[in-house]
Amino acid sequence: MPARPSLWTTLTAPLLRENPVTLQILGICSALAVTTSLATALTMAASLTVVLTLAAGLISVIRHHIPDTIRLIVQIVIIASLVIVIDQVLQAWFFEISQALSVFVGLITTNCLVLGRTEAYARHNPPLPSMVDALGNALGYSLILVIIGALRELFGKGELMGLAVLPLADQGGWFTPLSLMLLAPSAFFLLGGLVWAIRTLRPEQAETPEHAPMGRGEPAE
Amino acid sequence: MAGPDPLGAWRRFLALPNESRGKTLAVAFAVSAVCAILVSGATVMLRPIQSANRAAEEQARIEALVAGIPGMADLLAQSGGTLGTVVIDLVRGRAASDVTPATLATALADPANWTALDAGQDLAGLGQRPDYAQIYLLRDAGEVSVVLLPISGAGYNGRIDAVLALSGDMNTIAGLSVTRQSETPGLGARIEEAGWLADFPGTRTRDEDGTLRFAVARGTAASVYEVDGITGATRTSNAVTRMVRFWLGPDGYGPLLAAIRRGEF
């Protein structure tokens with residue numbers, strides 16, 4: 001049996017080296033949708049962290065008894081139930097933020113990141129490592145969300161967490177907000193830039209080209 | 001073996017091969033049952049807190065709406081600081097005789113108190129309309145000076161609820177407040193923002209002939225009947241237009257507004 005990596009490695013690897021968003025490009029739909037401000041990005045990150053960690057723990061506990069034929073539906077049912085519970089809790093105690101997140105909390109169910117971790121890791125590992133792995137991946141996702149959310153709020157509205165940081169031009173300051181930053185395309189640009197930056201610093205993350213560019217190089221056969 | 005042995009049976013069940021039909025069905029059933037209990041438990045236990053939140057939110061928005069109407073603070077101080085609450089019978093266009101604000105929820109639980117709307121009438125995409133609605137109004141020396149009308153309609157992602165304030169002529173908008181919406185954050189959800197809602201006060205709803213002209217413009221408002229549109233949220237803007245037109249029209253508060261204008265209310 002190969003030596004299991006230490007819990008610390010399991011927790012920290014997904015933060016940067018194996019970040020689920022920038023390396024595996026998972027969960028980007030919500031990363032684009034909820035990052036218009038830092039507060040919503042943080043709430044979404046916290047919700048996903050709770051859902052993913054609990055789901056990984058639960059699925060890991062019953063992993064020896066999940067029939068292979070229905071394993072995906074069993075995992076989705078568990079994840080979806082946790083998501084509904086979290087959504088209800090948010091609506092009860094964090095009403096304003098739940099209104100800002102609107103439908104996106106419900107969409108955690110379909111976040112491939114969650115199913116990806118439970119299917120790939122929690123189904124084969126004991127509860128503790130599974131939950132640590134889930135927490136690490138969720139924190140990696142959160143990190144990206146917070147970075148993009150902070151950049152978009154700062155340059156789109158000149159604010160951070162709703163507090164004015166850059167003085168706005170229409171209120172006598174010098175900063176003209178970039179409205180593009182509040183639209184979905186800007187999240188694509190920022191995410192793309194982030195992926196490019198990380199892969200430049202860590203060339204081992206870059207994928208080998210699947211297709212040779214046309215008109216150059218040797219013919220295949 | 002003496003007597004039933006539940007623990008042993010449980011162990012034998014767990015030891016069954018995962019792919020056997022019985023275990024597959026049993027696991028599916030057990031997971032569904034546990035999840036169902038979890039979800040319904042959370043929903044039922046948290047519902048009172050959630051409805052209290054919604055009610056508080058709506059109250060706060062109505063107060064903010066009232067506070068934002070020019071001259072309202074003085075009027076409120078004169079009338080004792082409170083708005084009158086009236087349940088309106090939308091079919092007859094006057095105050096309901098047998099339904100009070102306290103019994104409104106019970107009345108609306110009865111499907112007989114709802115009117116189905118056909119496609120031609122149903123501008124707001126509601127499907128059906130309650131026959132009773134609770135409105136707020138303020139009188140100044142007997143004349144109605146402001147009326148707050150709750151309106152709702154289908155938005156792009158879900159239902160939009162709002163409160164529309166009309167000035168004493170029942171034609172000029174005194175303000176709009178969105179109390180509930182689930183539009184796209186950053187685009188349609190901007191209907192909630194004070195910056196956009198600030199465009200409503202002073203907007204007219206009908207021209208001299210009494211034709212409903214109110215609209216959310218595409219781009220910048222071009223007449224006194226329009227407010228600026230929201231870039232990138234055409235469907236939400238249109239939903240607001242249709243919702244206001246429906247509720248001010250003959251199937252909404254139209255008959256009531258005509259009665260108030262005639263001074264019969």
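The values are calculated or read from the model by the stated rules, or taken from the named source; none is laboratory data. Source: prediction; values computed, not measured. Every residue, glycine as well, gets a Cβ built from its backbone with ideal geometry; the counts of neighbours run over all protein chains shown.
Structure values in brief
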{"item": "Any hit, the stretch B:183-199, residues being part of a loop (DSSP other than H, G, I, E, B), more than 20 Å from the chain's Cα centre (by Cα) and surrounded by fewer than 16 Cβ atoms within 10 Å (Cβ to Cβ)", "result": "no"}
{"item": "Matching entry among B:ALA154, B:ALA96 (being surrounded by 12 or more Cβ atoms within 10 Å (Cβ to Cβ) and in contact with a Phe, Trp or Tyr (Cβ under 6 Å, 6 or more places away or on another chain))", "result": "B:ALA96"}
{"item": "Candidate set: the stretch A:64-75, residues that are in a helix (DSSP H, G or I), at the interface with another protein chain (Cβ under 10 Å from one of its Cβ atoms) and touching a residue at least 24 places away in the same chain (Cβ under 8 Å); chosen: the one surrounded by the most Cβ atoms within 10 Å (Cβ to Cβ)", "result": "A:GLN75"}
{"item": "Unmet criterion (only one of (1) assigned to a helix (DSSP H, G or I); (2) in contact (Cβ under 8 Å) with a residue 24 or more places away in the chain; (3) more than 11 Å from the chain's Cα centre (by Cα); (4) more than 8 Å from every other protein chain (Cβ to nearest Cβ)) for A:ALA46", "result": "(3)"}
{"item": "Counted residues, the stretch B:30-56 - those being out of contact with any helix residue (DSSP H, G or I) (no Cβ under 7 Å at 6 or more places or on another chain), over 18 Å from A:HIS64 (Cβ atoms) and hydrophobic (A, V, I, L, M, F, W, C)", "result": "8"}
{"item": "Index of the failed condition, A:PRO126 passing every other in (1) over 28 Å from B:GLN181 (Cβ atoms); (2) crowded, with 24+ Cβ neighbours inside 10 Å; (3) not charged (D, E, K, R)", "result": "(2)"}
{"item": "Some residue of the stretch A:93-104 being in contact with a Gly (Cβ under 9 Å, 6 or more places away or on another chain) and at pLDDT below 85", "result": "yes"}
{"item": "Test: residue in the stretch B:235-249 that is part of a loop (DSSP other than H, G, I, E, B) and either closer than 16 Å to B:VAL178 by Cα or away from chain A (no Cβ under 14 Å) (or both)", "result": "yes"}
{"item": "Single residue of A:LEU178, A:LEU182, A:LEU82 found to be within 14 Å of chain B (Cβ to nearest Cβ), of a type in the set (A, V, I, L, M, F, W, C) and closer than 30 Å to B:ILE49 by Cβ", "result": "A:LEU82"}
{"item": "Any hit, the stretch B:72-95, residues being of a type outside the set (A, V, I, L, M, F, W, C), on the phi > 0 side of the Ramachandran plot and modelled with pLDDT of 85 or more", "result": "no"}
{"item": "Residue tally, condition outside any helix (DSSP H, G or I) and in contact (Cβ under 8 Å) with a residue 12 or more places away in the chain, over the stretch A:1-43", "result": "17"}
{"item": "Qualifying strands (runs of 3 or more DSSP E) (wholly inside the stretch B:115-165; at least 2 residues being of a type in the set (A, V, I, L, M) and over 13 Å from the mean Cα position of the chain (by Cα))", "result": "B:132-140, B:143-154"}
{"item": "The stretch B:30-56 residues that are within 9 Å of chain A (Cβ to nearest Cβ), paired with ones that are among the charged types (D, E, K, R) and surrounded by 15 or more Cβ atoms within 10 Å (Cβ to Cβ) (beta carbon under 7 Å, 6 or more apart)", "result": "none"}
{"item": "Residues satisfying the stated conditions in the stretch B:46-61, i.e. more than 14 Å from the chain's Cα centre (by Cα) and surrounded by 16 or more Cβ atoms within 10 Å (Cβ to Cβ)", "result": "B:LEU46, B:GLN50, B:ASN53"}
